[in-house]
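What follows is one structure encoded as structure tokens, with my remarks underneath.
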Amino acid sequence: MRTVELVCSPGLDAAVRAAWARLAAAGLPSLARNTHPTNRPHLTLAAADEFPPGAVARLTALVDAALPLPARLGEVTVLDGSAPLVWLVDPGAELTALHAAVWRVLADADGRNPWHAPRRWRPHLSLALRFRDADAGLARAVLGDAPPAGEFVAARSYDGATRTVHPLGTPAG
């Protein structure tokens, strides 16, 4: 599996990691417990078994033209009742356009994940995996009412076969 992900600005990254830590301290599931070096707050735009020829260059051009983008976080919720605990992201017109363009670049890719298809995609930053809907109220209390603000400033691709990440586009800086 290969992904296309947007990476958070340093301040937003730190705020999401702090939220992970608060969830863990409260005894709730949290991505703070995932110590793999590739684990970091991100927004997944698409996933496919493999990228088609030329896709990396086209994706690089897209993200270089689009980033940075504002990251407007909203409600904390559990997707599908017993799955990831997430901070929903307001997609806005620019993020929606980037997502649709990424989906078009991957049109010929085998094994595109249908969860990321336009009109089905629910943009979010994950806070915990395998979270019970019954604990969502406690999680919201632990996280507070004011979601952090920031931007998406870079892009990367995660390679599930090698468990490595590869930058897409020019690094922010």
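Give the residue that is surrounded by the fewest Cβ atoms within 10 Å (Cβ to Cβ), with candidates limited to residues of segment 89-115 that are touching a Leu at 6+ places or on another chain (Cβ under 7 Å) and not in a loop (DSSP other than H, G, I, E, B). It would help to see each step written out before you state the result.
The initial filter retains those residues of segment 89-115 that are touching a Leu at 6+ places or on another chain (Cβ under 7 Å), namely 89, 94-95, 98-99, 101-102, 105, 112.
Going one step further and asking which of them are not in a loop (DSSP other than H, G, I, E, B), we end up with 89, 94-95, 98-99, 101-102, 105.
Numbers: V89: 20, E94: 13, L95: 21, L98: 23, H99: 23, A101: 18, V102: 23, V105: 20.
Across segment 89-115, the extreme among qualifying residues is E94.
Of all the residues that make up segment 163-173, how many are open to solvent by 80 Å² or more (accessible area, probe 1.4 Å) and either modelled with pLDDT of 95 or more or in a strand (DSSP E or B) (or both)?
Taking segment 163-173 as the starting set, the residues that turn out to be open to solvent by 80 Å² or more (accessible area, probe 1.4 Å) are 163, 167, 170-171, 173.
Then drop every residue that is not either modelled with pLDDT of 95 or more or in a strand (DSSP E or B) (or both), which leaves 167.
Of the residues in that region, 1 qualify.
Give just the number: which of (1) closer than 21 Å to V165 by Cβ; (2) over 15 Å from the mean Cα position of the chain (by Cα); (3) at pLDDT 95 or above does A18 not satisfy?
It is condition (1) that A18 fails.
Would you check if P118 is part of a loop (DSSP other than H, G, I, E, B) and over 24 Å from P29 (Cα atoms)? Working first, answer last.
Working: part of a loop (DSSP other than H, G, I, E, B): yes; over 24 Å from P29 (Cα atoms): yes.
Yes, satisfied.
Residues of segment 76-88 being without any contact (Cβ under 8 Å) to a residue 24 or more places away in the chain and not in a loop (DSSP other than H, G, I, E, B), which ones? Talk me through it step by step, then tell me what you get.
Restricting attention to segment 76-88, the residues satisfying the condition of being without any contact (Cβ under 8 Å) to a residue 24 or more places away in the chain are 80.
Of everything in segment 76-88, nothing turns out to be without any contact (Cβ under 8 Å) to a residue 24 or more places away in the chain and not in a loop (DSSP other than H, G, I, E, B).
For segment 1-19, which positions are in contact with a Leu (Cβ under 7 Å, 6 or more places away or on another chain) and either more than 22 Å from P70 (Cβ to Cβ) or aliphatic (A, V, I, L, M) (or both)?
V4, L6, V16, A19, listed by residue number.
Any chance you could count how many residues in segment 40-67 are surrounded by 15 or more Cβ atoms within 10 Å (Cβ to Cβ) and either under 19 Å from the mean Cα position of the chain (by Cα) or closer than 19 Å to P148 by Cα (or both)? Walk me through it before giving the result.
Step one: list which residues in segment 40-67 are surrounded by 15 or more Cβ atoms within 10 Å (Cβ to Cβ), which gives 40-48, 51, 55-56, 58-60, 62-63, 66-67.
Adding the requirement that they be either under 19 Å from the mean Cα position of the chain (by Cα) or closer than 19 Å to P148 by Cα (or both) leaves 40-48, 51, 56, 59-60, 62-63, 66-67.
Counting residues in segment 40-67 that are surrounded by 15 or more Cβ atoms within 10 Å (Cβ to Cβ) and either under 19 Å from the mean Cα position of the chain (by Cα) or closer than 19 Å to P148 by Cα (or both) gives 17.
Count, please, the residues in segment 99-156 that happen to be over 26 Å from P70 (Cβ atoms) and charged (D, E, K, R).
Summing the residues that are over 26 Å from P70 (Cβ atoms) and charged (D, E, K, R) in segment 99-156 gives 7.
Hey, can you tell me all the residues within segment 141-160 that are over 19 Å from the mean Cα position of the chain (by Cα) and either touching a residue at least 40 places away in the same chain (Cβ under 8 Å) or within 16 Å of E5 (Cβ to Cβ) (or both)?
V142
I need the full set of residues from segment 152-162 which are within 23 Å of A14 (Cβ to Cβ) and either of a type in the set (F, W, Y) or surrounded by fewer than 19 Cβ atoms within 10 Å (Cβ to Cβ) (or both), in order please.
Hits for segment 152-162 are F152, Y158.
For a quick check of your reading of the model, give me the residue pairs whose first member lies in segment 18-36 and is in contact (Cβ under 8 Å) with a residue 24 or more places away in the chain, whose second is hydroxyl-bearing (S, T, Y), with beta-carbon atoms closer than 8 Å and at least 6 apart or on different chains.
W20/S30; L23/S30; L31/S126
Report the residue count in segment 121-146 for those that are outside any helix (DSSP H, G or I), closer than 18 Å to L31 by Cα, open to solvent by 20 Å² or more (accessible area, probe 1.4 Å) and modelled with pLDDT under 95.
Step one: list which residues in segment 121-146 are outside any helix (DSSP H, G or I), which gives 121-132, 144-146.
Filter once more, so that each one left must be closer than 18 Å to L31 by Cα: 123-132, 144.
Add one more test, that the residue is open to solvent by 20 Å² or more (accessible area, probe 1.4 Å), and what stays is 124, 126, 129-130, 132, 144.
Going one step further and asking which of them are modelled with pLDDT under 95, we end up with 129-130, 132, 144.
Number of matching residues: 4.
The values are calculated or read from the model by the stated rules, or taken from the named source; none is laboratory data. Computed from a predicted structure; not experimentally measured. Neighbour counts are summed over all protein chains in view; Cβ atoms, including those assigned to glycine, are modelled from backbone coordinates with ideal geometry. The accessibility values were calculated without ligands, DNA or RNA, using every heavy atom of the protein model including side chains. Shrake-Rupley method; radii C 1.70, N 1.55, O 1.52, S 1.80 Å.
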